[in-house]
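**Q** Quick one: the structure is below, and I'll ask about it shortly.
No value in this document is a laboratory result; all are computed from the given coordinates. Predicted, not measured: the structure shown is a model, and the values here were computed from it. Positions of Cβ are backbone-derived with ideal geometry, glycine not excepted, and every protein chain shown enters the neighbour counts.
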Amino acid sequence: EYVIVDGEVLDRTEAKVDIEDRGYQFGDGVYEVIRVYNGKMFTGIEHLKRLAESAEKIRMKLPYSPEELLSRMEELISKNELDTGTVYMQFTRGTSPRNHVFPGGNVAPTFVAYTRKVARPVDPMEKGVRAILDEDIRWLRCDIKSLNLLGNLLSKQKAAEAGCFEAILHRGETVTEGSHSNISIVKDGVIITHQADNHILNGITRQKVLEICRNEGIPFEERAYTLDELSSADEVFSSGTTVEVMPVVEVAGKPVGNGQPGTVTRKLQTLFKTEIE
Ligand code: PDD
């Protein structure tokens, strides 16, 4: 199994990161997860452009362009002979003596990337999944795909302990997103999904779904919606790189609609599948 550390392709057993890496000590860095289908990255450049944007938002300069990174990832995928899975990459602000202040310009970011075999979640996509509700206690820059995921982890762990797939997060009455995916609802045939602002990560899958809606004439609204709207929705679905378009059939112990994946969600799944083939 090959990995990339600071631009070098190494065997995983030889990869090393310093104990004073700022990612390790502060979560001071950004990351991306890209889906690989049939050996090819899906929406790779979109993910890598978002990575560059996340880096810029935390005032970090990446030593590679999205296009350069794309070819490095292609190289890694082919070296590992990955067919269906994910490629993970992260950049931290580098290694230097622990200090809250950024290190000087002579300290280069630490760049790590690796691949993993991950099957498509065919079974849950077919049957639908359950979700809990949890207060969104994260910071106010959820648009940045940062390594600081403690708020997300605490919510996801709560969901897992309740035997659920996702925690749907809300700030007071407003639903934001999931702990590791975007959450949309369907009411009277209209998809409603939180607008891309500082409260959510603007998911690449979410953007792909909206592009499909535009092309197919499926109506949608990008706006904040309430917990009441969530509980009276006809359909709820989660979207994300690894989960694709995932029907949510139960929220906080209450069935969504008739408790089965809905027709709009099904249609989106079918259209999404044609995109990845
Ligand atoms: N999670 N919102 C959050 C909080 C996420 O962590 C993710 C993705 C998404 C969906 O984004 P996208 O469609 O671009 O994957 C939304 C990734 C996969 C992860 O952390 O593993």
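**Q** Sequence-distant or interchain residues sharing an amide H contact under 5 Å with Asp143, placed H: which?
**A** Answer set, sorted by chain and number: Ile200.
**Q** A follow-up question, please. With +1 on each Lys and Arg Cβ and -1 on each Asp and Glu Cβ, how big is the dipole of segment 37-163 about its Cα centre, in debye rounded to the nearest 20?
**A** Taking the Cα centre of segment 37-163 as origin, the dipole is about 340 debye.
**Q** Here's another thing I want to ask about it. How big is the gap, in Å, between the Cα center of segment 84-98 and the Cα center of segment 47-75?
**A** Rounded to whole Å, the Cα centres lie 11 Å apart.
**Q** Tell me which residues come under 5 Å, amide H to amide H, from Ala224 once H is placed; ignore anything under 5 positions away on its chain.
**A** Residues meeting the criterion, in which the H sits 1.01 Å from N, are Gln195.
**Q** Taking the Cα centroid of segment 187-247 and of segment 5-19, what is the distance between the two, rounded to the nearest whole Å?
**A** About 38 Å separates the Cα centre of segment 187-247 from the one of segment 5-19.
**Q** How large is the charge dipole for segment 1-54, taken about the Cα centre, if only the Cβ atoms of Lys, Arg (+1) and Asp, Glu (-1) carry charge, to the nearest 20 debye?
**A** 400
**Q** Counting only C-alpha contacts under 8 Å and six or more residues apart, can you give the relative contact order of the chain as a whole percent?
**A** Once normalised by length, the contact order is 17 percent.
**Q** Oh, and also: Can you tell me how the chain classifies by the Cα gyration tensor, rounded, prolate or oblate, using a/c under 1.5 as the rounded cut?
**A** It comes out prolate by the Cα gyration axes.
**Q** So, one more: If each residue of separation counts as 0.36 nm, what is the full-extension length gain between Gln260 and Glu216 once their alpha-carbon separation is subtracted?
**A** Result for the pair: 13.5 nm of gain on full extension.
**Q** Residue-wise, which Karplus ³J(HN,Hα) couplings in Hz belong to segment 199-211, taking 6.51 cos²θ - 1.76 cosθ + 1.60, θ = phi - 60°, and x for glycine or proline?
**A** For segment 199-211, the Karplus-derived couplings read 8, 9, 7, 6, x, 5, 5, 3, 5, 5, 4, 5, 5 Hz, x marking Gly and Pro.
**Q** Please rank Val87, Val190, fewest neighbouring Cβ atoms within 10 Å first, as an exposure proxy.
**A** So the ranking, lowest neighbour count to highest, is Val190, Val87.
**Q** Name the residue farthest towards the positive end of the dipole of the chain from the options Phe111, Leu70, Val256, assuming +1 on Cβ of Lys and Arg, -1 on Cβ of Asp and Glu, about the Cα centre.
**A** Of the candidates, Phe111 comes out farthest on the positive side.
**Q** Could I ask something else about it? How would Asp188, Asp134 line up from fewest to most surrounding beta-carbon atoms within 10 angstrom?
**A** Asp188, Asp134
**Q** Lys and Arg at +1, Asp and Glu at -1: add these up for the other residues within a Cβ distance under 12 Å of Val33 and post the number.
**A** So the surrounding residues net to +3.
**Q** Using 7 Å Cα-to-Cβ label points, what is the Asp6/Arg98 separation (nm, one decimal)?
**A** With each label point 7 Å from Cα toward Cβ, the separation is 2.1 nm.
**Q** How large is the dipole of the chain about the Cα centre if only Lys and Arg carry +1 and Asp and Glu carry -1, each at its Cβ, rounded to the nearest 20 debye?
**A** Here the chain has a charge dipole of around 200 debye.
**Q** Let me ask something else. For the chain, take the longest principal axis of its alpha carbons; what is the angle in degrees between that and the long axis of helix 66-79, to the nearest 10 within 0 to 90?
**A** 90
**Q** Between Ile19 and Lys57, what is the FRET efficiency for a Förster distance of 41 Å, r being their Cβ-Cβ separation, to the nearest 0.05?
**A** Efficiency for this residue pair is about 0.95.
**Q** Here's another thing I want to ask about it. Give me a comma-separated list of calculated 3J(HN,Hα) values for segment 174-189, in order, Karplus coefficients 6.51, -1.76, 1.60 applied at θ = phi - 60°, integers in Hz, x for any Gly or Pro.
**A** 9, 7, 9, 7, x, 5, 9, 7, 8, 10, 10, 10, 10, 9, 6, x
**Q** Next up: What 222 nm value per residue comes from the helices of the chain, counting each DSSP H run with n ≥ 4 as -39,500 (n - 2.57) and dividing by all residues, nearest 500 deg cm²/dmol?
**A** -9000 deg cm²/dmol
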